[in-house]
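Presented below is the structure to which this report refers.
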Amino acid sequence: RDRDVTGVQTCALPIWLYAATSLAGRMLFYLVSFVPAVLLPRAAHLHAKGDSARGALVQSLVVVACMAGAGLLLYGRFPAAILSVLVGRAFAEAAPLMLPYGIAMALLVLTNTLVSYRIATHRFEFVIPLAAVACLEIAAFFVFHASPLQVIVVLIASNVLALLLASYRLGVPRVKVL
């Protein structure tokens, strides 16, 4: 997921400031990413037994939302302090980018949670639409890279679209073909 850092190289803000923001934002993503990793085998086991895995999905989404929400609260209140602790005071100038980048990462981990559930329940109709979103995201980086915030907005928009596509028809039972 370093496509965004590459896209910022043409911006007025030094690349190292955006890279620091990216590092801090990904910290939130990695901190919460254990949840989809736990959901996958749990939901697969329930699905294989013929039980509903929806409860496991709901629990996972609640945990992700709470943890990501807490992280976003910290990113919103103390962005310069977080950057200073992580990479030094020289990077505090990138503080305004912390919350938007954190939002992008929170959306991504929510999407990963839904994708893990879909994989566990053998529902793979999300693959082609999400691949299309990834291609659109890369194309958008070529067009919208005048500022680091533009790049982050592309991340947010593509992650919102991916989340919507991953959740599309989630509650609709599959039709079994004989």
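The values are calculated or read from the model by the stated rules, or taken from the named source; none is laboratory data. Quick caveat: nothing in here was measured; it's all calculated off a predicted structure. Methodologically, a virtual Cβ is constructed for each residue, glycine included, from the backbone with ideal geometry; neighbour enumeration extends over all protein chains shown. All accessible areas refer to the heavy atoms of the entire protein, side chains included, with ligands and DNA or RNA removed. Shrake-Rupley method; radii C 1.70, N 1.55, O 1.52, S 1.80 Å.
Gain in length, Val160 to Leu23, computed as 0.36 nm per residue apart minus the alpha-carbon separation, to one decimal in nm?
Working: separation 137, 0.36 × 137 = 49.32 nm, distance 2.06 nm.
Between Val160 and Leu23, full extension yields an extra 47.3 nm.
Quick one: if the Förster radius is 45 Å, what FRET efficiency do Leu136 and Lys49 give, using the C-beta to C-beta distance and rounding to 0.05?
0.75
Specify the angular offset, from 0 to 90 degrees and rounded to the nearest 10, of the alpha carbon long axis of helix 148-167 from the longest principal axis of the alpha carbons in the chain.
The angle comes out at about 0 degrees.
How big is the charge dipole of the chain about its Cα centre, in debye rounded to the nearest 20, if each Lys and Arg gets +1 on its Cβ and each Asp and Glu gets -1 on its Cβ?
Working: 13 positive and 6 negative charges, 124 e Å.
Here the chain has a charge dipole of around 600 debye.
Computing the accessible area with a 1.4 Å probe over protein heavy atoms, can you report the carbon and sulfur percentage for region 77-153?
Details: 2850 of 3750 Å².
Carbon-and-sulfur percentage of accessible area, whole number: 76.
As I understand it, the value is the acute angle between the Cα axis of helix 54-77 and the longest principal axis of the Cα atoms of the chain; what does it come to in degrees, rounded to 10?
10 degrees
Between Leu72, Leu23, Leu107, find the one with the highest GNM mean-square fluctuation for the chain; connect C-alpha pairs within less than 10 Å.
Its mean-square fluctuation being the largest, the pick is Leu23.
Express in nm, to one decimal, how much length is gained between Val153 and Arg169 on full extension, taking 0.36 nm for each residue of separation and deducting their alpha carbon distance.
Details: separation 16, 0.36 × 16 = 5.76 nm, distance 2.61 nm.
Stretched out fully, the Val153 to Arg169 stretch lengthens by 3.2 nm.
Any chance you could give the angle, 0 to 90 degrees and rounded to 10, that helix 127-143 forms with the longest Cα principal axis of the chain?
For 127-143 against the chain, the angle is about 10 degrees.
Once fully extended, how much extra length lies between Cys66 and Val85, figured as 0.36 nm per residue of separation less the alpha-carbon to alpha-carbon distance? Provide the component values of the computation, followed by the final result.
Details: separation 19, 0.36 × 19 = 6.84 nm, distance 2.33 nm.
Contour length minus Cα-Cα distance gives 4.5 nm.
I'd like the FRET efficiency for Glu125 and Ile15, computed as 1/(1 + (r/R0)^6) with the beta carbon distance as r and R0 of 30 Å, rounded to 0.05.
Details: r = 38 Å, r/R0 = 1.26.
That pair, Glu125 with Ile15, gives E of 0.20.
In 5 Å bins starting at zero, report the fraction of Cα pairs in the chain per bin as a rounded %.
Going from the shortest bin to the longest, the percentages are 1, 9, 16, 18, 18, 14, 10, 7, 4, 2, 1, 0, 0.
Measuring with a 1.4 Å probe in the full set of protein chains, what accessible area per residue, in whole Å², belongs to the chain? Write down the numbers at each step before the final one.
Values: 9510 Å² over 178 residues.
That works out to 53 Å² per residue.
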